[in-house]
Each structure stands twice: as C-alpha cells, then as structure tokens.
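A short worksheet on the structure shown next.
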C-alpha cells in the first residue's frame, strides 16, 4: 500500500503576463503567452532594498511571486492599498522555512545575454549578469530577502508542471526539519519561438496538515495529498496533473 503524505495550503502568489496577485480573494490567474512584469506597487512592498532592480527578469518574477505568497500566508506585510485576504498575521514566524522551485527554462535567457557580452567584449563581460546565470540564483536572493533558513533547491523538469517539486515539499514537511515550505514554478521563455510556452511564476506556502492556521471561518482549509513514490498529487481529493490545475482548484475553493 502506497503511503500518502499531506499538507495544507497557507498562501499563494503569482506573476504572469496578465498581471500578479495573491490569495483566494481574486479569480484564478491567467497564463497568456508574453513577458511577465512586476508592478511597482508590489516591488515597493517586497524589494528589501535597491538591489531588486539589479536582478534579471527571471529572478524578479520569481522573487516577487515568492514574496506575494508569503504575504498571503501572513509572513510578510501586504502591499499598501491592496485588498486583504481576511487572514490574521502568522505569529511567530516559523524557525525554518524551506524553498523549492521547479523550472524548465531556468536562467537560459540570462545565460544567453551573459555569453553575448563575453563574445562582444570579453574584458567587459557583465558581472551583473554572471551572478544570475544559475537557476538557483534567485532562490538565494529570496532566502536572504525573506529570511528563509530551510532547505533550498531547484527541480529541473522537461515540461512545466511542478508536481515533483510540490510532492517533495510535502514530503519535507512530513519527514524533514522544515516547519513551512514555499514551493512553486518559475519560467521565462523567449516570446519568439516556434512553440511559445508560458512564462511566469506561481508559488504556494505549505504547512503541516494539522498546523494551527489563520484562515477566517468562511475560508475552507485546502489539503494537498501526495504519493511520493508515484508523484501523484491531489487537492481536496481532486487529482492535479500540474500546479496550474492545482491553482484553479485553490482559487475556486
């Protein structure tokens, strides 16, 4: 008999070409083909200093979506003049919050820009781009910015779905040392391609199934179930083939 592990969703945040958002107070996000942009109002609330403008776009959308998810869970203050979710601040902040990101594109566009600078002027190759030429670079930025001291890792996948990353996060909550896990997907693909793919970032904040939550009375608890051996994911007993279908279930609950 396969062992089933569970966790509850405490927050959600996203950035796509259609905009950005957090929580279940709004409709599920759209994922059109195009280049995502992070609104200035969001940046001001999570940027944590002037360095945000130095990040490449792949890192910016990832850090922003992580920040929005943490805001929704109550671990960061919400943006000024933004709707609230009805949740109370989550106090105290957990001692250990882990971070896992699934990606197909990785930092390939930044890698290309860096090597282009090497080719054009080797002695002037951009150090500002070089530090973001790994898929894990923005995870370090997010960990430092939001004081995430737990497990940090990137899962490289052939096609965007983040199922393995979410199952790994649930397994870490049940069997590892982290009290909270932030898990999601971040991709930035070229707009001009024969088979355009969706760019953007979507992150969830997961807590242990029986953890004390701060959901208002009218907001139903959402439970994720995972069979680690088969990488099968369910949300409130509904099968989820990828994180995008999972997001639709969350926002309609």
Note: residue 209 to residue 242 extended length (0.36 nm per residue) minus current alpha-carbon separation gives 9.8 nm
Just subtract the alpha-carbon distance of residue 230 and residue 136 from 0.36 nm times their residue separation and send over the number in nm, one decimal.
-> 31.3 nm
Taking 0.36 nm per residue of separation and subtracting the Cα-Cα distance, what length does fully extending residue 144 through residue 18 add?
-> 42.6 nm
Please order 158, 191, 209, 141 by the number of other Cβ within 10 Å, starting at the fewest.
-> 158, 191, 209, 141
Residue exposure sequence - 31, 14 - by fewest surrounding Cβ within 10 Å = 31, 14
Listed with the fewest Cβ neighbours within 10 Å leading, 180, 249 appear as 249, 180
Between residue 30 and residue 171, what is the label-to-label distance in nm when each label sits 7 Å out along the Cα-to-Cβ direction?
-> 3.7
Calculated FRET efficiency, residue 179 and residue 57, Cβ-Cβ r, R0 25 Å, to nearest 0.05?
-> 0.20
Between residue 95 and residue 153, with labels modelled 7 Å along Cα→Cβ, what's the label distance in nm to one decimal, could you check?
-> 2.2
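Since every read-out is calculated from the coordinates, none of them should be taken as a lab result. Since the model is a prediction, treat every value here as computed from it, not as a measurement. So basically every Cβ, Gly included, is an ideal-geometry build from the backbone, and we count neighbours across all protein chains shown.
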